[in-house]
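Here is the structure we will look at.
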Amino acid sequence: MTRDDALALDATDPLAPLRDQFALPPGTIYLDGNSLGVLPKTTAARVAEVVTGEWGTGLIVSWNRAGWITLPQRVGDKIARLVGAAPGELVAADSTSVNLYKVLAAALDIVRADAPQRRRILSERSNFPTDLYIAEALAAERGFELVLLDTPEAIPAALDESAAVLMLTHVNYRSGRMHDMAALTRAAHAAGALTIWDLAHSAGAVPLDLNAAGADFAIGCGYKYLNGGPGAPAFVWAHARHVERFRQPLAGWMGHAAPFEFTPGYRPAAGIARYLCGTPAILALAALECGVDSVLAAEPLGGLAALRAKSLALTRLFADEVRARCPQLRLVSPETEAERGSQVCLAPRDEPALAYAVVQALIARGVVGDFRAPDILRFGFTPLYLRHVDAFDAAVQLAEVLASGEWRRPEFNQRQAVT
Ligand SMILES: *Cc1c(COP(=O)(O)O)cnc(C)c1O
């Protein structure tokens, strides 16, 4: 592949116009949309309108007149289109960590009622730590055991009569490895266990069909591929067969059947609204809606199937160029494309310390990826706004940083709080 080949691919890319939706800083190749998506051009004006118009002028009347009170549902219905959920099945609220607490608690209550001998929550040791911390705390609180598996291959054998819940992140945050949601959900159900899928690195990046997979619960993140802005609200989904069986434990008034009756006793709302807790963060939801709309803009161009095809083309191009140009690095992400999310992870072959410093040196050159301890260089490829030539140029710059040794400079070796 030459740079001209990459430019030729961009010239015929049917998704290329989607890039214009974003306020990308000039001179930046942004390979971190899996950690914080970029700013859509519509967001600033929309948030300003909510602040000065709906809040500043409409004041409290805007809860009704501007539809604030149903914003978690309205944004949720849009996210539902990206994850294979039906309208009314998903709400945007709280953080991914908090939503995991809600759905895991609900799942454990279902198991306790239906199959009390099942005591194990299964997950992967490599899962994102917040997921494991929440599960560890809930397991201790409810008398369950959290069992961590070392490889995806170990999951089927662990699904035995002791398994209560299989809790997985669909695309691993560090390796980029993607699970087969339908197959693992089938295996879990065949063994009598429920499934919880964390879609943090999947929603807006890869095609998903929660209902076709028959998944039990799902949660996901608003600020990664959904471009909702830093700390954007997350989302939560429960399959229709479960949603009304149990109340989730954070039984706040926004999940009540009639919050404005102000009655002392809790009655859960019908459907997924019971997974709401407190007052929705309207400014953040307004920004999230703009981000979700930027992904939905791909629908007339083939939607997530088309985005997925481009994402694979980008990760393939980048991985191939790195293989050819950077002998110091090895590919950590799966070679098999069906198992690869929308990111490429690399690790040093010999010198672990170079991972952090190389990422810093690249950022100084305007190629923004991130570092994940202990030794991963992580590059997210968001097909909505990245071009083939960006993937090509990023690989060339990476090779230059390595070959020149510029990553050894002291300023690139100062570890900062957020990596
Ligand atoms: C990013 C991410 C989170 C983030 O959780 P917050 O509550 O938003 O901090 C959780 N789980 C996974 C798998 C993630 O990738």
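Values quoted throughout were computed directly from the atomic coordinates according to the rules given, and no laboratory measurement underlies them. Predicted, not measured: the structure shown is a model, and the values here were computed from it. Using ideal geometry, Cβ is built from the backbone for each residue, glycine included, and neighbour counts are taken over all protein chains shown.
The trypsin sites (Lys or Arg not before Pro) of the stretch 1-107 that meet both conditions, a loop assignment by DSSP and at most 16 other Cβ atoms within 10 Å of the site Cβ, are 41. The slack between residue 258 and residue 148, meaning 0.36 nm per residue of separation minus the straight C-alpha distance, is 35.6 nm. Ordering 225, 63, 191 by the projection of their Cα atoms onto the charge dipole of the stretch 48-296, which places +1 on the Cβ of Lys and Arg and -1 on the Cβ of Asp and Glu, puts 63 at the extreme positive end. Taking a sphere under 15 Å around the Cβ of residue 358 and counting the other residues whose Cβ falls inside, with K and R at +1 and D and E at -1, yields a net charge of +1.
A compact globular protein would have a Cα radius of gyration near 2.2 N^0.38 Å; the ratio found for the chain is 1.01. Each residue of the stretch 255-271 was assigned a 3J(HN,Hα) from its phi angle through the Karplus curve 6.51 cos²θ - 1.76 cosθ + 1.60 (θ = phi - 60°); the sequence is x, 7, 4, 8, x, 8, 8, 6, 8, x, x, 7, 10, x, 5, 6, x Hz, with glycine and proline shown as x. As a calculated quantity, the FRET efficiency between residue 266 and residue 397 at R0 = 60 Å, using C-beta atoms, amounts to about 0.60. Stretching residue 49 away from residue 244 to a fully extended chain increases their span by 66.6 nm, per 0.36 nm per residue minus the current alpha-carbon distance.
Taking a Cβ cut-off of under 14 Å around residue 89, the surrounding Lys, Arg, Asp and Glu residues balance to a net charge of +1, with basic ones at +1 and acidic ones at -1.
Apply the Debye scattering formula to the stretch 48-296, with a single equal point scatterer on each alpha-carbon and no solvent, then give log10 I(q)/I(0) at q = 0.11, 0.17 Å⁻¹. Those come out to -0.56, -1.26, one per q. Less than 15 Å Cβ to Cβ from residue 47, Lys/Arg counted +1 and Asp/Glu -1: what total charge do the surrounding residues give? Net charge around residue 47: -2.
Restricting to DSSP loop positions (anything but H, G, I, E, B) with no more than 10 other Cβ atoms inside 10 Å of their own Cβ, which chymotrypsin sites (Phe, Trp or Tyr not before Pro) remain in the stretch 262-339? Answer by residue number: 262. Residues of the stretch 1-36 falling in the label zone of residue 325, defined by backbone nitrogen less than 15 Å from a point 7 Å along Cα to beta-carbon, are 1-7, 29-31. Among the GluC sites (Glu not before Pro) within the stretch 322-407, those in coil by DSSP and having at most 11 neighbouring Cβ atoms inside 10 Å are 335. Computed about the Cα centre, the dipole magnitude for the stretch 48-296 is approximately 260 debye when only Lys and Arg (+1) and Asp and Glu (-1) carry charge, each at its Cβ.
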